[in-house]
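To start, the structure itself, in structure tokens.
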Amino acid sequence: MGTILLVALLQMAQITLNPAIDTIVEVFSPHSLADVQKALALISIVSMLSGVVSAPLISRGVFSKRAAMLAGLTLLGVTGICSLLLHTEFWHLQMLSVMVGAAMGLFIVNTASVFFDNFTDEERQPIAGYQTSCINAGGIFWNLAGGILCTLVWYGGYLMLMLALPVTVLAWFTVPKTEKVKKREKTDAPPEKMKPMIFYYCAILGIFMAIYNVVGANIATHLRQAGVENPAALAGFASAAQMAGGVVCGLFFGKLSAKLGDLLLACACLALVVGFALLGLFPNSIVITFIAMFVAGMSLSFTAPRVMFAVSALANLDTSAIASALANSIAPSLGAFVSPYIFTEITLKLFGEATGSRYLFTAGVAAVFGAVIVAATLRRRKSGYTDMGEKI
């Protein structure tokens with residue numbers, strides 16, 4: 001478990017560039033804010049593709065989950081080395097995003113799959129919360145380091161990725177060796193099919209990530225519009241406050257999840273509504289901005305571990321690799337990828353460059369999404385089913 005939690009500290013490494021977005025727009029001045037957000041969103045789409053490709057190969061026994069995990073961690077560290085040489089052209093930004101995405105898709109998915117396979121249902125719920133706390137704790141580090149380093153060089157956040165290399169060495173010695181999946185004989189029973197509720201939870205996570213991504217992707221620009229002289233550095237601290245909200249709530253996830261079930265997902269939407277509303281209504285208050293970021297950050301530790309726990313309970317050895325890819329790579333990556341195409345583009349047309357209006361618009365979307373989750377959950381319960389779709 002210790003190694004899984006340590007690797008979790010790297011799972012938010014891609015956000016190390018969020019505080020630098022406004023700086024990157026200035027460095028590559030012919031390109032707009034939307035162009036830069038889309039370039040960084042390549043991390044999400046490539047991560048999704050990496051998960052899509054690796055999961056069936058693992059299921060067919062081409063290579064093991066451990067090998068894929070170590071390959072992803074190594075590639076993440078190599079990306080940091082590459083950024084030392086390749087950082088002068090816009091396509092370099094795109095290339096580095098592709099490399100980070102490929103790395104994330106390999107090690108995040110397979111770390112989660114190892115988690116699925118080695119713990120019981122009773123163990124998974126609290127451990128999922130602790131893992132999310134570690135992910136957010138890592139996010140605090142990546143945001144602070146990225147915010148500070150990008151004031152020196154815009155690619156400072158990428159340089160931090162070299163920290164993945166010593167973690168790779170440690171994982172090599174501590175992660176148990178896993179057997180390749182054996183090919184089934186014709187006489188064997190057919191593999192079990194994916195349960196439909198897995199797709200339900202993955203859809204929720206994908207939509208949630210599209211909404212959640214608006215928080216960090218716009219905070220540097222939001223602070224600049226508020227008149228902050230050094231928005232990149234302050235954005236790093238604001239994003240760290242966002243991650244701190246996730247750390248705190250992750251510690252209490254086990255008890256809250258056991259008591260509220262899927263209604264915890266609606267609580268996540270409520271946290272987003274409050275966070276977005278505060279950002280939009282009080283754009284010039286730094287104190288309220290930090291409070292808003294903390295509240296919005298709470299939502300991740302309600303949603304991600306709830307989905308992980310539910311999917312791990314619904315999956316089995318036949319479906320765990322693909323289920324893990326769906327829940328930990330494909331759904332969240334697709335959501336984060338489409339986020340700027342939906343929220344940035346729509347709000348640019350409706351309200352112009354004003355990030356306050358963008359946050360208020362997204363608050364409304366989060367409110368509607370939360371209401372849909374409540375309605376779906378209560379309907380299942382009323383029909384005599386558990387939150388995970390099992391007949392009572």
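Just the residues that are open to solvent by less than 30 Å² (accessible area, probe 1.4 Å), modelled with pLDDT of 80 or more and either closer than 14 Å to G77 by Cα or outside any loop (DSSP other than H, G, I, E, B) (or both), please, taken from region 147-166. It would help to see each step written out before you state the result.
If we filter region 147-166 for residues that are open to solvent by less than 30 Å² (accessible area, probe 1.4 Å), which is where we start, we get 147, 150, 154, 156-158, 161, 164.
Then drop every residue that is not modelled with pLDDT of 80 or more, which leaves 154, 156-158, 161, 164.
G156, G157, Y158, L161, A164 - these are the residues of region 147-166 that are open to solvent by less than 30 Å² (accessible area, probe 1.4 Å), modelled with pLDDT of 80 or more and either closer than 14 Å to G77 by Cα or outside any loop (DSSP other than H, G, I, E, B) (or both).
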When region 169-206 is checked residue by residue, the ones that are at pLDDT 60 or above and loosely packed, with under 11 Cβ neighbours inside 10 Å are F173, P176, K177, K193, P196
Residue within region 296-311 that is without any contact (Cβ under 8 Å) to a residue 60 or more places away in the chain and either under 30 Å from F63 (Cβ atoms) or open to solvent by 30 Å² or more (accessible area, probe 1.4 Å) (or both) present = yes
Picking from L93, L57, the residue that is out of contact with any Leu (no Cβ under 6 Å at 6 or more places or on another chain) and within 20 Å of G146 (Cβ to Cβ) would be L93
Please state which of the following conditions V248 fails to meet, knowing it meets all the rest: (1) closer than 20 Å to F361 by Cβ; (2) of a type in the set (V, I, T); (3) within 21 Å of the chain's Cα centre (by Cα).
-> (1)
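State yes or no: is T377 out of contact with any Pro (no Cβ under 6 Å at 6 or more places or on another chain), β-branched (V, I, T), closer than 21 Å to A41 by Cβ and open to solvent by less than 30 Å² (accessible area, probe 1.4 Å)?
Numbers: out of contact with any Pro (no Cβ under 6 Å at 6 or more places or on another chain): yes; β-branched (V, I, T): yes; closer than 21 Å to A41 by Cβ: no; open to solvent by less than 30 Å² (accessible area, probe 1.4 Å): yes.
Spelling it out, it is not the case that T377 is out of contact with any Pro (no Cβ under 6 Å at 6 or more places or on another chain), β-branched (V, I, T), closer than 21 Å to A41 by Cβ and open to solvent by less than 30 Å² (accessible area, probe 1.4 Å).
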Has region 102-109 got at least one residue that is modelled with pLDDT under 75 and either surrounded by fewer than 24 Cβ atoms within 10 Å (Cβ to Cβ) or within 17 Å of the chain's Cα centre (by Cα) (or both)?
-> yes
Residues L6, L40: which one is in contact (Cβ under 8 Å) with a residue 24 or more places away in the chain, farther than 23 Å from I322 by Cβ and crowded, with 24+ Cβ neighbours inside 10 Å?
-> L40
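The values are calculated or read from the model by the stated rules, or taken from the named source; none is laboratory data. Since this is a predicted model, take the numbers as computed values, not measurements. Positions of Cβ are generated from backbone atoms using ideal geometry, with glycine treated the same way; all protein chains shown enter the neighbour counts. These accessible areas exclude ligands, DNA and RNA; they are computed on the full protein's heavy atoms, side chains included. Shrake-Rupley method; radii C 1.70, N 1.55, O 1.52, S 1.80 Å.
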